[in-house]
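Trainee: One structure follows; several queries about it will come next.
The values are calculated or read from the model by the stated rules, or taken from the named source; none is laboratory data. Predicted model only: the values in this text are computed from it and were never measured. Every residue, glycine among them, receives a Cβ derived from its backbone with ideal geometry; neighbour counts consider all protein chains shown.
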Amino acid sequence: MPATSPDPWWRVHRSGLRRAALVACVLYLLYLVAANVFLNSTFGADIINRKPERFHARWDWAMSLYPGHIHARGIVMGGHARTNVWTVASPRANGRIRILPLLGRQVTFGRIRAQNVSVHVARTPHDLPSTVRPGKSPWTIRFAAITTPSLLRLDFYDARVTGHGEARFAFEKTLQGGAMEVGPSTLKMPDATLQISDVTVLREGMLDFEIAIPAHIREQAQGEEKLVLLDARMRVDGPAPGIDLVARNDDALPIGTAGFVGHLRADLTLERGVLMPGSQLDWSAPVYSSAADGTPLRHPLGVALRTSSDAILVAARVTAPASGTPWLRADLRVADRRIGPDDWLRPVRALGGTVETQWPAVPLRWIDVILRDIDWLAFDGRADLDADVRLHDGQLQPGSRIDLDDAALTARVLDNRFSGNAHARMRMRDDAQAGQRTTIGIVLDRFTLAPESAPDRIDLRGRDLRLDLSSTGALAEFHERLDARLRFDDAQVPDLRSYNRYLPGDSARLVGGSGHASGDIRLDNGGEMIGGRMRVRGQDVRVALGPSQLSGNVDLDSRLSRMQRVGRRYRIDTMALRLDGVRLDGSGGDDAPWWARLALENGTLDWREPFEVSGRGRVDMRDVSVLLGLFAERSVFPRWIGNLIDSGEAHATGDLRLRGNELVFDRVQASNDRIDMQARLRIADGTPDGDLYARWGVLGMGVELQGGDRKLHIAGARDWYESRPPLLPE
């Protein structure tokens, strides 16, 4: 039979096919117009950037040739997820978005290929929580593979990688608090420069990095906690810096960035936050230092890390080129391969081994890292180091020692700053009751004290200050059980007026004089005083009590103990004040110098500026002349008042309160075999107010002092005084 010809079918369907082709062309043209207008219009940008605080994107130009296809130029995208912000930039990218999954609230991207990519990820203190919409299933964003043959820069928190490399990144995230997953992702860069914080650890070397994180929600792991889910491998091979111990004083890790003549080779594998067996690292580099006479020295450093099935082994060597030059020998073992945010100190607690070294002029910023919880104590500058340390399970073993000489030390105590060059000796010994005990003995041959509010002002200058630190337990917990004692004797006080910040302004102030001070105080781990003894001796001291001025020699000796576990409220266990050679201005030069001995009982002191002091005192004094002189000059009183002054040694009791801008004496009773005197006096803002009653035999007199004006009461003086209200409560 003859073959069937297609011509009749074509002739029958030709018009329909033409119409279908025409419709397809029209639809395609409509798509081209609509999609490209959408991508390059403000309307499209506003739709995509509906919530710019969570996600934003901009591009210079974009086009789509068919559904799902996107080509864009000048792309910058960014977002904010909880406490992380991110930005990605590329001058050119191609990609596909799958259409059908959109019906199931899934934004699924096929392979995206970008050129010259820069990525920045940083942490922010501003948390942006996810919003949950009841009744609506959340959207899922899925990137099957984002690839680039030219990654230029990656900033990831404190780490930065620059160079030219290939990268692949896979990611999936369900919004509104859903799961997040990082698929197998890679970075390969043959000329990478790796920087951590401000330290460059690799320059133009090979970097090969792989990472994956399984699906998880925020409640399972957030921030640093994701480390326990992380699978990663990093291979590094290239030039590394030496260690410069000459040029810088302020770096915690003084690694020089000039002269990359060392070499770093590493192959590290991490699975679920555990460093895997077979991981290794080798680093060889020069160490630059100087001899005691300043001669530059260069030492070869070798560091090796190996990981076995049960431990991480680290060895470091710096050989001494000649006798008396710096050297280092360290052999350490970390008996725990886990690295995780649940306990960053775990490697320290699992640390064992030996470290021996002698090194001059070592930068001391590393001590701040060890003593970061003892923030009131700081070493700075450089010091000569001589150490022989034995470690087991993170604890110093008996016989361990660290000696530092000529170290700059600052100790902040009670809003004051002790400073000077120190010798420090750390020792480890066995204690029969407490077990292992770590002690650090610090001696400042010369020291100064200045207020923290005015660090350039010297209030105290002395010699031989001793600070003894003692603690039990692991090295990592040194601060938790810290007991400290600070001692100095006979330090010079150049100008006693510097201590007016503790006194109530014009009501009581030091006008002049110098002296000496001693202290022996106990401190807690926060540098706060628990208790102790302080003594101040002043010569030719001039004191103003309101409008009255006295001069003489002072010896104040006190013992304090803290009343609560924390805070600066103290019980005055003892306070003894000796006054000798005292003269009251305006009393005349014929009177013999006055003396007094005061003891404060049942007193309290709030350590602040100014002090708050209260208590009851006992006074033995030569006579009552100074007490009378605080109310009026002798010429104001009747003539028989001289018999009171000349009647000999008197004994007195009274209440004292120093608070804010006022000084108050109340219930003062002074007497001997011939006299009887009572008084109350308040000096506020330099102005005295008070009452005085004096009796000698049958003679009596009262003095009322208000705003500096005096009024004498002769008749009924005793009744007048007893009618006056007390100044302080019972």
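Trainee: For the stretch 382-407, name all the residues that are of a type in the set (Gly, Ala, Ser) and either in the same structural domain as Gly352 (by TED's automatic domain parsing) or under 17 Å from Arg466 (Cβ atoms) (or both).
Mentor: Ala407
Trainee: State the number of residues belonging to the stretch 395-414 that are touching a residue at least 60 places away in the same chain (Cβ under 8 Å) and either under 15 Å from Ile374 (Cα atoms) or hydrophobic (A, V, I, L, M, F, W, C) (or both).
Mentor: So in the stretch 395-414, the residues touching a residue at least 60 places away in the same chain (Cβ under 8 Å) come out as 395-396, 411-414.
Then drop every residue that is not either under 15 Å from Ile374 (Cα atoms) or hydrophobic (A, V, I, L, M, F, W, C) (or both), which leaves 396, 411-414.
Counting residues in the stretch 395-414 that are touching a residue at least 60 places away in the same chain (Cβ under 8 Å) and either under 15 Å from Ile374 (Cα atoms) or hydrophobic (A, V, I, L, M, F, W, C) (or both) gives 5.
Trainee: Would you be able to say whether some residue in the stretch 101-124 is at positive phi, under 48 Å from the mean Cα position of the chain (by Cα) and at pLDDT 80 or above?
Mentor: Yes, the conditions are met somewhere in the stretch 101-124.
Trainee: Hey, can you tell me all the residues within the stretch 43-73 that are surrounded by 14 or more Cβ atoms within 10 Å (Cβ to Cβ) and hydroxyl-bearing (Ser, Thr, Tyr)?
Mentor: Matches in the stretch 43-73: Ser64 only.
Trainee: Condition check: touching a residue at least 12 places away in the same chain (Cβ under 8 Å), outside any helix (DSSP H, G or I) and surrounded by fewer than 21 Cβ atoms within 10 Å (Cβ to Cβ). Does Asp506 satisfy that?
Mentor: Answer is no for this residue.
Trainee: May I ask you to list the residues in the stretch 315-330 that are in a strand (DSSP E or B), in contact (Cβ under 8 Å) with a residue 24 or more places away in the chain and farther than 15 Å from Gly262 by Cβ? Walk me through how you get there before you give the answer.
Mentor: Within the stretch 315-330, the subset in a strand (DSSP E or B) is 315-318, 327-330.
Keeping just the survivors that are in contact (Cβ under 8 Å) with a residue 24 or more places away in the chain gives 318, 327-330.
Scanning the stretch 315-330 gives Trp327, Leu328, Arg329, Ala330.
Trainee: Every residue in the stretch 165-185 that is within 12 Å of Asp208 (Cβ to Cβ) and either under 37 Å from the mean Cα position of the chain (by Cα) or touching a residue at least 40 places away in the same chain (Cβ under 8 Å) (or both), please. If you could, list the steps in order and put the result at the bottom.
Mentor: So in the stretch 165-185, the residues within 12 Å of Asp208 (Cβ to Cβ) come out as 165-167.
Scanning the stretch 165-185 gives Gly165, Ala167.
Trainee: For the stretch 415-428, name all the residues that are surrounded by fewer than 15 Cβ atoms within 10 Å (Cβ to Cβ) and aliphatic (A, V, I, L, M).
Mentor: none
Trainee: Picking from Val37, Val33, Val76, Val23, which residue would you name as being within 26 Å of Leu128 (Cβ to Cβ), surrounded by 10 or more Cβ atoms within 10 Å (Cβ to Cβ), at pLDDT 75 or above and of a type in the set (A, V, I, L, M, F, W, C)?
Mentor: So the residue among Val37, Val33, Val76, Val23 that is within 26 Å of Leu128 (Cβ to Cβ), surrounded by 10 or more Cβ atoms within 10 Å (Cβ to Cβ), at pLDDT 75 or above and of a type in the set (A, V, I, L, M, F, W, C) is Val76.
Listed here are the residues, each with its yes/no results for (1) modelled with pLDDT of 90 or more; (2) touching a Ser or Thr at 6+ places or on another chain (Cβ under 8 Å).
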| site | (1), (2) |
| --- | --- |
| Pro398 | no, no |
| Arg417 | yes, yes |
| Ala422 | yes, no |
| Asp431 | no, yes |
| Val443 | yes, no |
| Phe478 | no, yes |
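Trainee: Being out of contact with any helix residue (DSSP H, G or I) (no Cβ under 7 Å at 6 or more places or on another chain), more than 22 Å from Ser551 (Cβ to Cβ), modelled with pLDDT of 90 or more and part of a helix (DSSP H, G or I) narrows it down to one of Asp689, Asp719, so name that one.
Mentor: So the residue among Asp689, Asp719 that is out of contact with any helix residue (DSSP H, G or I) (no Cβ under 7 Å at 6 or more places or on another chain), more than 22 Å from Ser551 (Cβ to Cβ), modelled with pLDDT of 90 or more and part of a helix (DSSP H, G or I) is Asp719.
Trainee: Residues of the stretch 158-180 being loosely packed, with under 15 Cβ neighbours inside 10 Å and either assigned to a strand (DSSP E or B) or modelled with pLDDT under 75 (or both), which ones?
Mentor: Correct list: Ala159, His164, Glu166, Gln176.
Trainee: So, one more: Consider the stretch 347-374. How many of its residues are surrounded by fewer than 17 Cβ atoms within 10 Å (Cβ to Cβ), of a type outside the set (Phe, Trp, Tyr) and modelled with pLDDT under 85?
Mentor: Summing the residues that are surrounded by fewer than 17 Cβ atoms within 10 Å (Cβ to Cβ), of a type outside the set (Phe, Trp, Tyr) and modelled with pLDDT under 85 in the stretch 347-374 gives 5.
Trainee: Tally time: how many residues in the stretch 195-206 are touching a strand residue (DSSP E or B) at 6+ places or on another chain (Cβ under 7 Å), at pLDDT below 90 and either not in a strand (DSSP E or B) or not acidic (Asp, Glu) (or both)?
Mentor: 8
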